[in-house]
1. Scan (1) within 16 Å of the ligand (Cβ to nearest atom); (2) over 17 Å from residue 218 (Cα atoms); (3) of a type outside the set (A, V, I, L, M, F, W, C) for the single condition residue 277 breaks and write down its number.
2. Within the range 332-368, restricting attention to residues that are among the small types (Gly, Ala, Ser) and surrounded by fewer than 21 Cβ atoms within 10 Å (Cβ to Cβ), which residue is nearest to residue 312 (Cα to Cα)?
3. Would you confirm, using the coordinates I've provided, whether residue 276 is exposed (fewer than 15 other Cβ atoms within 10 Å of the Cβ) and either modelled with pLDDT of 95 or more or in a helix (DSSP H, G or I) (or both)?
4. Please report, ordered by residue number, the strands (runs of 3 or more DSSP E) entirely within the range 141-226 with at least 3 residues that are within 30 Å of residue 289 (Cβ to Cβ) and in the same structural domain as residue 94 (by TED's automatic domain parsing).
5. How many residues does the range 63-100 contain that are near the ligand (Cβ under 10 Å from one of its atoms), surrounded by fewer than 15 Cβ atoms within 10 Å (Cβ to Cβ) and either not in a loop (DSSP other than H, G, I, E, B) or not assigned by TED's automatic domain parsing to the domain that holds residue 125 (or both)?
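The values are calculated or read from the model by the stated rules, or taken from the named source; none is laboratory data. Please read all numbers here as calculations on a predicted model, not as lab measurements. Methodologically, a virtual Cβ is constructed for each residue, glycine included, from the backbone with ideal geometry; neighbour enumeration extends over all protein chains shown.
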Amino acid sequence: MKIAVIGTGYVGITTSASLGESGHRVVGVDIDQEKINQLSKGILPIYEPGVEPVIQELLAAGTLSFTTNIGEALQVSDIIFIAVGTPSLSNGEPNLQYVKDVALEIGKYIDSYKVIIDKSTVPVGTADLVKGLIVQEMRKRGVDIDFDVVSNPEFLQEGKALQDARKPDRIVVGCSSERAKETMQKLYENVNAPLFITTPRNAEMIKYASNAFLATKISFINEIARLCDQLAVDVTEVAKGMGLDKRIGPHFLQAGVGYGGSCFPKDVAGLCTMGNHAQVEMSILKDVQEINNRQPKWLVEQMVMQMGTLQGKSIALLGLAFKPQTDDIREAPSLKLIPLLLQAGATVTAYDPIVNTKVKDLYPEIHLAKDAYAAAKQADGILLCTEWKEFLELNWKLIRKEMKDNHLFDARNVLSIPEMEEAGFRYWGVGRKGSVQ
Ligand code: NAD
């Protein structure tokens, strides 16, 4: 099939790669000329494991191309994916301007039947909005061309995006015509995953409700962790015991520094604003947000309690990305912790395997180190913020030797307490007092 993917960010690039691998001809479109130049040369403007070689192969085979010219891309495509960003506005509502811009462009250039697919995360009713804008532009041109708008939300996780796109748990398709349904079935016939077909409005809600549910699990276990901390219980043991129950499951029950990234915070906020508009009180989700906002503050309070004060103390911050295997720092917990540490009077030396200058640009006061060992040298304490695999494999004894003091704050609960104690650290984990004693 001939496909245009509008928006070549984390989702658009991965979607282009996985559709290309499935044998479709794909053209990726973006307004960012620099991104398109890089992509056309086979260089990924983001860090996403495994995607770059696939893009290079498809470019070489001539089945994938990139352009800033949406009109040309529309002419050669029957299926148009909209994969542009929908970041939060200051009131929490998703900013639909990029989606609307694309809809207007489609209306300007559409010349034959197309299936237009919303892959961006968009509020309930957006498929109708997109349809209306396309019709409005067509009317201006005095044309009336048949088309369908389908909702096909994306569920990939950064860091394992290609894997998720190749083998998703499910593909959700919201469509309102038989013709669009058949096109979507054909589009995904090579992907081994259940195809759940429903209405566009239902599909739009499935995406928000899924992300909000996962965020709720995280805030739930973080609240339990704070109680565990007070009651000398180990939350990691509690989560393991809970997760063995099939009704609960083990996933998203890792207590830590709170959820971040480009999706959970924005989608929980977006769902709350949908509730406001519909006059439905979203009280659980408001608490989920509140708990999440409080978590980094609570963590820094714990650091102050353990260390007496942070004034004049040197903290090595390990990990800046919002999670391992990505360069994405949108809503990253590190960005909340850094100002709290600086306000408390600490100096911060940070290291991340992939992210570097982006955070230093935001907080010029911090120092960047070339690796974890250099970051920890002469530090009073270490704060492990992102659980990159390389941090699990460090020579912790060596690190301890080079430090001024021996505080270790494991904000992801990924280090072994006996091993860290043996290396000479005073270990603190999120809700793990039960294990330390
Ligand atoms: P992103 O910010 O990485 O990429 C968006 C791209 O769209 C940018 O390259 C931007 O230049 C481009 N763009 C903006 N306006 C455009 C226009 N008019 N024409 C062409 N290109 C345009 O965003 P992302 O992380 O890929 O997310 C895209 C959507 O997918 C969002 O709605 C997001 O919520 C959703 N989503 C993201 C993830 C994720 O993990 N990143 C997962 C699932 C769903």
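1. It is condition (1) that residue 277 fails.
2. So the residue we want is 345.
3. Values: exposed (fewer than 15 other Cβ atoms within 10 Å of the Cβ): yes; either modelled with pLDDT of 95 or more or in a helix (DSSP H, G or I) (or both): yes.
Yes, satisfied.
4. 171-174
5. The total comes to 1.
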